[in-house]
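Below: the structure, in structure tokens.
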Amino acid sequence: MAKMAASMVEHGEDAFRKLFKFYKRRNPPPDFSDVIDFSKGLWSDKVVSAKLDAAAVSDVEARRVGLRPVRDWKAFGLQGYPGFIFISNPFLLGSQPFWVRQCLKSYPQKPNVCNLDMHMAPADTEDIWGKSADALRLPPSGKREPKTLLERLRWVTLGYHYNWNTKTYSANHYTPFPSELHALSCHIAAVCGFPGFDAEAGILNYYRSDSSLGIHVDESELDHTRPLLSFSFGQSAIFLLGGTQREDPATAMYMHSGDVMVMSGPSRLLYHAVPRIVPAPRENPCRPALETHTQEESALVGPVSEEDRTVCSRYMESSRVNVTIRQVLGPGQSFPETLPPRNWTDASRTEEYHDGSSDGESGGQKRRKT
Ligand code: OGA
Ligand code: MN
């Protein structure tokens, strides 16, 4: 079976699509032995260690956003993928619940935009967390209950809101970017050699255990010299990293809770996809830590109430949240003069995004998530 995955990537033409289908398959389940697991260190001959700029962020700055001192981070590169950096869970023990709560409770709130806004009245998407929390806190009753709004959430956009129809960002659809997420992103980018990174747009993807994200490249940002950052929480995923052409072969790797991925330089515009969500190796990635780190006065990462933790861990038992952070404009750059975007709330894009037929075949710039 491992041979099968290897032989498929040699075929050239449809290598990525075949690999996507291979890892997405339910029956029989695929062999995962070729999937690189960075949490196991320099475990494959393709994995190399990556150099970070540890002096770029002080221990105090790191702690304020829930990160361990940079000298303790384990960062890797992949042979053949210059500019690709994988940081194996740099978060302090006990700080992930804060970020998970932000992703579930805070970031879906207005004025941010989510998939539910596309076909629901504004009043109905006002309090996604509040309308879902009680049902999620209760133990499952056994009988099939209607899905909570939180369980129907598929994406949220922050900052410059990505327009799924036109595949563009625009000056006139911007809302304030969350400051703590901005700080976290700046620190990660600085350590990876990109001081002055400006987190201007965020796309949060919410995956259930049967979700996937089709083959795509993120090229709508206007400055491709700025890195793309990715944060993963909850259940694990198989991530496929391909080449500059859609049909180029791809490398499979696990993304576990807390893992951070940076696509920069020659790796910034590589095709990639998420064919499968897999159970987290550890018991429960969002479980409150046994020893919570002492709270700094100036911490941006605050304590999470017992109630909120319960809802977060219940939801995350079967979900994964991925946050991608993008700088859209280069220094001094502005959006080209265009007609005001039409239909940014057009529901058709949402339907396409979740049409349940994703097999990794979405072409070029199209991203499909099921
Ligand atoms: C994206 C993306 C990958 C992931 O949102 O553009 O590629 O791990 N996400 O969810
Ligand atoms: Mn992407």
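No value in this document is a laboratory result; all are computed from the given coordinates. Here the structure is a predicted model, which is why all the values come from computation and not from measurement. Backbone-built Cβ (ideal geometry, glycine too); neighbour counts: all protein chains shown.
Regarding residue 218, is this residue of a type in the set (Asp, Glu), closer than 30 Å to residue 18 by Cβ, within 16 Å of ligand 2 (Cβ to nearest atom) and out of contact with any His (no Cβ under 8 Å at 6 or more places or on another chain)? Break it down into steps so the answer makes sense when it comes.
Details: of a type in the set (Asp, Glu): yes; closer than 30 Å to residue 18 by Cβ: yes; within 16 Å of ligand 2 (Cβ to nearest atom): yes; out of contact with any His (no Cβ under 8 Å at 6 or more places or on another chain): yes.
Yes: the conditions hold for residue 218.
Could you tell me which residue of the range 170-205 is surrounded by the most Cβ atoms within 10 Å (Cβ to Cβ), considering only residues that are among the polar types (S, T, N, Q) and more than 14 Å from residue 226 (Cα to Cα)?
Restricting attention to the range 170-205, the residues satisfying the condition of being among the polar types (S, T, N, Q) are 170, 172, 175, 179, 185, 205.
Remaining after also requiring more than 14 Å from residue 226 (Cα to Cα): 170, 172, 175, 179, 205.
Details: 170: 18, 172: 10, 175: 14, 179: 10, 205: 21.
Top of the filtered list is 205.
Here are 160, 207, 174: which of them is more than 26 Å from residue 305 (Cβ to Cβ), touching a strand residue (DSSP E or B) at 6+ places or on another chain (Cβ under 7 Å) and within 16 Å of ligand 1 (Cβ to nearest atom)?
Working: 207 fails: more than 26 Å from residue 305 (Cβ to Cβ); 174 fails: within 16 Å of ligand 1 (Cβ to nearest atom).
From the options 160, 207, 174, the qualifying one is 160.
Determine which single condition residue 228 fails, assuming it passes every other condition in (1) in contact (Cβ under 8 Å) with a residue 60 or more places away in the chain; (2) more than 10 Å from ligand 2 (Cβ to nearest atom).
Here residue 228 meets the rest and fails (2).
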